[in-house]
Structure formats: structure tokens, C-alpha cells
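Working notes, structure below.
The values are calculated or read from the model by the stated rules, or taken from the named source; none is laboratory data. Everything quoted here is computed from the prediction, not taken from an experiment. Positions of Cβ are generated from backbone atoms using ideal geometry, with glycine treated the same way; all protein chains shown enter the neighbour counts. All accessible areas refer to the heavy atoms of the entire protein, side chains included, with ligands and DNA or RNA removed. Shrake-Rupley method; radii C 1.70, N 1.55, O 1.52, S 1.80 Å.
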Amino acid sequence: MNIEPGRIIDDFFEKKKCQYAIPVYQRNYEWPEEQCTKLFEDIMVAFRRDKKHFCGSVVYSLINEKHSIYQYVIIDGQQRLTTIYIMLKALLDCAEREADKELLSDVLYNSDKYGELKITEQTKLKLKPIKSDNNQLLCLMDGRYDDIDQTSGVWKNYELFVGLIREYLEADEDRSVKDVYKGIEKLTCAKIQLDSEDNAQEIFERINSTGVPLSLADKIRNYVLMTDGNQEELYEKYWLKTELLVGKENMSNYFLDYLNLKMDGFPKESDAYECFKKIYIEGKYDNEDMLKEILHYGKLYHTFCCGDESYSKRVNELLLGLRYLKQTTCYLFMYPVFVDYENNIIDMDTLEKVLEFLQNYSIRRIVCEINSNSLRGLYKSLYNRLYSVEANKNNYYDTLVSFFMQITSKDALPDDKYFVECLKYNNLYRKNACCKFLLAGIENQGKEKLEISNLSIEHIMPQNKNISKSWQDMLGEDWEFVKDKYLHTLGNLSLTGYNSELGDRTFSEKKKLVQDANTKVIILFEDVLDKDEWNQTTIENRADRLSNEILKLYPIVKPEKLVEYREPGYTEFSLENPEEATSTSINYYVLQGERIKTISYAEMLRSVIRKLYEFDKTVIEEMAKNDEMLFPGSEYPMFSYDKNKAKGGKKLKIKGTDIYQSSGFSASFIIYIVKELLDRYEIDENDFVYSAKPIDGSAKDDNEE
């Protein structure tokens, strides 16, 4: 790497037979008006004072020589160089003297006096931006102004510079275009040319660490394209297609999904780029293989988010349902399932059944008010928990449902009885998306589908806190109790396109409005319009009917064969009886749905502590600061900043902390510790299970000694 003082004009644009390309992995040209104006002002000050003006660094590397034109790639400084190049073109168009025009043309274009360079429309320009900007720049440099996108940064800043230059020239007849050019000649930079042995990616990351932060997608794009001599083809063939499928604004979220598929644990966004590089290196990918994989999962992501006609109508309906219910966490499980479909391991019918289960299981969780904080971990580990035993793929759907029927954590499948009870008595209105979805499902049976987005949820008994006297009389002596208990429940809810019109009207007025409007909502009003009064009995009867309709519409199809999902010999234990861990060998634990493989109880404890610390470090830090005993009468604190105070003090393997934990505990005591720590973090005990099997009775109890 050679670092030298340089001049923008002398060392870059005035050189003959050269072209500086902005690589495809760089951002679009986007310098704002304020920066361009400030640069122009700095140039004019440099001219007046006859002093140099430093404008930053330019990092570049020679990548090719074609027909005697040396092609360089700009690693840093693209925005400045592009801005100055546009300014020079504006200066050329403002010039009147032929000598000035010739000077500026020599700076802007490669010329071929002897016909040896085979110059094309592309290579005649000394600057080549990324593709979207390059088209605009080509039009500008050719004078094809009518073909330019008027909203592009290239055109906007060209117009700005033309205006600034003309304003400068018109202020004094003695001023000339040459003044501005001389000012540009004063621009200096740190000229950094990389050698072939330099790591361009590393240098780029260091340079950009202090500038405008790159997104996760930006960093990954740079990583897989910067070092590739075939970067333009790879960009067009893979990256651009992925970006179009996923949506530029969704790329970073998509990559977090991708990383969750490829690694244990959940990477933080701040660590995600390093995780990606680790996957790339350890997986021994080359750039094209990685981009192929990124595109493949990008196509699946697009399918989940937008649908895909190559799948059945039913698959697309179910994907739409999951999107409407905002159940995107299940995508982590769906990726490998869809790959199994692509590889003919399952057929379309099985894929439909799996998606139907996911939709209907999600509905049950929402209606039964099961906290969603374990879902991400559940779906991340679910595929491996189900299908690490290859034979389970022969009973694909049965294995999935069997799993949810057998687990005892809060992620277990709510049965029909409990689901119906929750449908009838829980506050369904506050689960707005799910409520609309279920009501529309009832209404849309066997007829033209109603568009949910055009409808609103209507309360038959009105929401008004000061309910009218006629409603109080209809509801009876206990009207306040009835209103509080049933207002937002299924039996009192319907869909309408004129919510504001119904409002707090009397029951008879509401019915008349519905009848006169000839509404398309028919099934939901069946047992409303034929009633003379609306009270606890009619609400409960309607809830019975609608809940049974929902149960039929969104069933959980029982497995034909109950599949044992546990590994042979292993049993899942809760924290209820810690002594069950004695004389057992552990192989994994599950915390809030996430399954983590482990080889010992000691390792499990360290892993649990690490995850709790990442969730909220203040709890453990406070315990360590106070040398707090985990149990009354304990001899040692569980955590301490003093190694000597912790029993067998082992430093937490967590970056940035100097906390030590006590160690050397029996398996059963470790379960007691986990139980107490979860309590400190206010995590339900049912969110934790571990899998273990008996070991030889003569074997030593599993501990850290």
C-alpha cells in the first residue's frame, strides 16, 4: 500500500488513458445540495487565497488494463470524485472560449488521436459510476439531457453547479471559467494505492468505520463482491436479483433470518457481520457459491412475504394468512421445510398441511393469550428437533403435530376445549388482526371473499362507557357486569363497512341499518337480525355458534401415527424436581423455545448464564457487585468480581465482563441454580426443559470437578 499526497486534477482526471470505476458494491451517488455548495465555496476560497484545500482520501487499486487504458477501482472517495467530475462537466457547459472547452474536455474524456485505444462510449469517460448512476452520467456527458432522470443525484447536482458557476461569472465580467478550474486544481487528497497483496476488504472496513454507518446488507455485499474480479457479472446475476426479490429496505432483516438459519444462537445486529464472515470462512464458500445460496433463500423469503404462483393456491392462501396474522417468526422453520419440498422429500399436499398447522397453531396461541417471547427460539430449533431423526421425514406432518402434542412447556398445543373457552370469553377485540381474520373466515365460506382491509370490527353491544338507558334495560339488572364481561368477546363482535354509522345506536336501529344497507356481511349477522333483544344469553349463544364454526374452519388435524420426538433413551424433564437430574447424562436444554445442545450440566449452566446475561446483564452484575448469595445459608456467592470469593471461580466467557461464577456443583444442584436464576429474571419455569437419560449407577454424578 502506497500513501502519498495527491491532487485530484493532476493525479486522477488529468492523467491520460485511465478510467476510475466505482464498484457495484458501493452506494449510489447521493451527495446532498449542502455538501456540493460547501465544496464549491471551498474551491473558490482556495482560488482567491491561492492555497491548497484538502478534501479527504482516495483509496484505489489497479484492476485491469484493456486496449492501453488502465482501469482502477475506487475503494473510498467515490462521492467526492463523482461530485468533482460532475462539476467539471458543468464547467465545460458554461465555458465559451474554445481553449477552455478543449482543456476541460481533455480532463473529462480519454481521447484517441491515433485510433489505437479502441475507445467505446463506456471507456471514453474517465469516471464510471455504479450501473444506475452510470446511465445518467453517460447521458449527461453526451449532452442527451432529455434522457436523464430528472430526480437523479447526478442531474440535480449538475444543475446546481451550473447555477453556482453562472452566478459566480455574472457577478463580475472579469471572472472566467478558468478561475473555477484553478480552484479545483487546488484540491488535494491522501492518495492511497493498494498493492495486490493488500486486503482491500479490511482496508475498506477500517475506512468506513468512522463514516456514515454501512448497513448489514451493505457490508455483506461488499464482502462477497469487492475481492472478485468478476464482480459486475456476479452483481447482476445474483445480488441484484436478490435485492429485487427481497426489497432493498428488507435486505438487512433478511440477512438476520439467513444467519439464524446457519448458526446457533441469535446474532445481535451489531455482531451479525462478523457472524456472516465466520460462516463464509468456515463453510469454505467462494463468492459465487455464497451468492447462489443468498439468492436461493432470497427467493424463499420473497415467497413467504409476497406469495409465488409456482405453489398451489392453498399454499399461497396460507402464506397470506400467516402474513396477515404477523407470524413471521415461523419463517425460520419454513425455510428448511420449503427446501424439503424443492428436493422432493415432501409433496405439495404435505406442504399445505404443514402451513395449515402453523397458521392454526398461531391462531390458538393468539386467542389463548400465550406469550410470544419463546416463538423465535422455538421455530429456530424446531426443524432439527423434529427431523434430525431422518426416519421422521417419512411421517412429516405427523411428526410435527406429535411434537406439539407431547411437549409440556407453554409452547404445547392448546386443545380444542381450551381453545373454544378462550374464543368465547377472552378479549378478542384487542387482538385486532386475528379477530378480523377469524370473523372474515366465518363470513367467507363458500361465497365471494370479502376484502378484510375494507372492513372494521363492530360491537353489537356498544363500547360507549355511558351506555344508553335502552341498552341498560335490555341487558338487565346486571348490565354493568354483562357489559364488562362480554363487550369485547366473540359473541358481541361482527364485521361492517360502516362502523361509525352504527356507533351507539339502539339494537333495533342497528339491525335496521344492517338490513337497509343490504350488506355483504350475512353469516355473522344470522343470529343477530332475528333477535328482539341483545343480552347475556344471546351473546353466549352466538359465541357458541361462532366458536364451533372457527373450530371447523381452523382445525388441528390429528396425526395418523403418534411419533415419538425424543431421542432414544432420553426424556425431557422440567425444573419441578431437580433430583431427577442425579445420575443422568444431558444432551440439550430448551429455554423459551430455543433448543441448545450441551455435553454436561456444567456446560449447560454456563450457557444459561450467558444467555441470561445477554438478555439483561444488570441482574447478574448487581449480584456480583454485592457478592449476593443465591440461596439462604450459602457459603459462596454465585457471582463475584473477586475470583477468590466465588467457589472454584470461573470467569464468565462473555466479552467485556470481569465477573466470576462459582462452579463444581452436582447435576441436581445445577438444576436448583437454574430454577432460582429464572426466578430472578422473572422467566416462567415452564419455559425451561432439559433432555437427559440415565447413566451407569456407578458413574460419577455430572459436575465440574
Original post:
Among the numbered criteria (1) modelled with pLDDT under 90; (2) not in a loop (DSSP other than H, G, I, E, B), which single criterion is violated by Asn518?
Top reply: (2)
Original post:
Is it the case that Ala90 is in contact (Cβ under 8 Å) with a residue 60 or more places away in the chain and either aliphatic (A, V, I, L, M) or open to solvent by less than 10 Å² (accessible area, probe 1.4 Å) (or both)?
Top reply: yes
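For every residue, the table says whether it meets (1) farther than 21 Å from Leu386 by Cα; (2) in contact with a strand residue (DSSP E or B) (Cβ under 9 Å, 6 or more places away or on another chain).
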{"position": "Phe266", "(1), (2)": "no, yes"}
{"position": "Leu291", "(1), (2)": "yes, no"}
{"position": "His296", "(1), (2)": "yes, no"}
{"position": "Leu320", "(1), (2)": "yes, no"}
{"position": "Tyr335", "(1), (2)": "no, no"}
{"position": "Asn344", "(1), (2)": "no, no"}
**OP:** State whether one or more residues within segment 74-86 are in contact with a Phe, Trp or Tyr (Cβ under 7 Å, 6 or more places away or on another chain), open to solvent by 10 Å² or more (accessible area, probe 1.4 Å) and charged (D, E, K, R).
**Re:** yes
**OP:** Find the strands (runs of 3 or more DSSP E) located wholly in segment 1-67 whose residues include 2 or more that are more than 42 Å from the chain's Cα centre (by Cα) and at pLDDT 85 or above, and list them.
**Re:** 2-7
Original post:
Here are some residues: Thr408, Thr399. Which one is assigned to a loop (DSSP other than H, G, I, E, B), among the β-branched types (Val, Ile, Thr) and at negative phi?
Top reply: Thr408
Subject >> Residues located in segment 19-55, provided they are touching a strand residue (DSSP E or B) at 6+ places or on another chain (Cβ under 9 Å) and crowded, with 17+ Cβ neighbours inside 10 Å >> reply: Gln19, Tyr20, Ala21, Ile22, Pro23, Gln26, Leu39, Ile43, Ala46, His53, Cys55
Subject >> Residue within segment 374-387 that is more than 20 Å from Met334 (Cβ to Cβ) and open to solvent by less than 30 Å² (accessible area, probe 1.4 Å) present >> reply: no
**OP:** Name every residue in segment 614-646 that is without any contact (Cβ under 8 Å) to a residue 24 or more places away in the chain and among the β-branched types (Val, Ile, Thr), in order of residue number.
**Re:** Thr618
Original post:
Quick check: is even one residue across segment 572-595 open to solvent by 10 Å² or more (accessible area, probe 1.4 Å), assigned to a helix (DSSP H, G or I) and farther than 30 Å from Glu356 by Cα?
Top reply: yes
Original post:
In segment 614-647, which residue that is within 18 Å of Ile671 (Cα to Cα) and open to solvent by less than 70 Å² (accessible area, probe 1.4 Å) is modelled with the lowest pLDDT?
Top reply: Ser634
Original post:
Taking interchain pairs and intrachain pairs at least six residues apart, which have beta carbon atoms under 7 angstrom, with the first residue in segment 326-342 and open to solvent by less than 50 Å² (accessible area, probe 1.4 Å) and the second outside any helix (DSSP H, G or I)?
Top reply: Asp340/Ile346
Original post:
What about Ile599, is it open to solvent by less than 30 Å² (accessible area, probe 1.4 Å) and farther than 22 Å from Asp411 by Cβ?
Top reply: no
Original post:
Quick one: is Ser409 free of Cβ contacts under 8 Å to residues at least 60 places away in the same chain and more than 23 Å from Glu352 (Cβ to Cβ)?
Top reply: no
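Could you run through segment 343-358 and say how many residues are assigned to a helix (DSSP H, G or I) and open to solvent by 10 Å² or more (accessible area, probe 1.4 Å)?
6
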Original post:
Within the group Ile192, Ile184, which residue is buried (at least 19 other Cβ atoms within 10 Å of the Cβ) and at pLDDT 90 or above?
Top reply: Ile184
**OP:** Return the residue satisfying two criteria in turn: it lies in segment 523-566 and is outside any helix (DSSP H, G or I) and either small (Gly, Ala, Ser) or open to solvent by less than 50 Å² (accessible area, probe 1.4 Å) (or both), and of such residues it is nearest to Gln359 (Cα to Cα).
**Re:** Tyr554
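Condition check: open to solvent by 60 Å² or more (accessible area, probe 1.4 Å), under 35 Å from the mean Cα position of the chain (by Cα) and in contact (Cβ under 8 Å) with a residue 12 or more places away in the chain. Does Arg606 satisfy that? Steps first, please.
Numbers: open to solvent by 60 Å² or more (accessible area, probe 1.4 Å): yes; under 35 Å from the mean Cα position of the chain (by Cα): yes; in contact (Cβ under 8 Å) with a residue 12 or more places away in the chain: yes.
Answer is yes for this residue.
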Original post:
Quick one: which of Gly633, Gly648 is in contact with a Gly (Cβ under 7 Å, 6 or more places away or on another chain) and either farther than 20 Å from Phe266 by Cα or in a helix (DSSP H, G or I) (or both)?
Top reply: Gly648
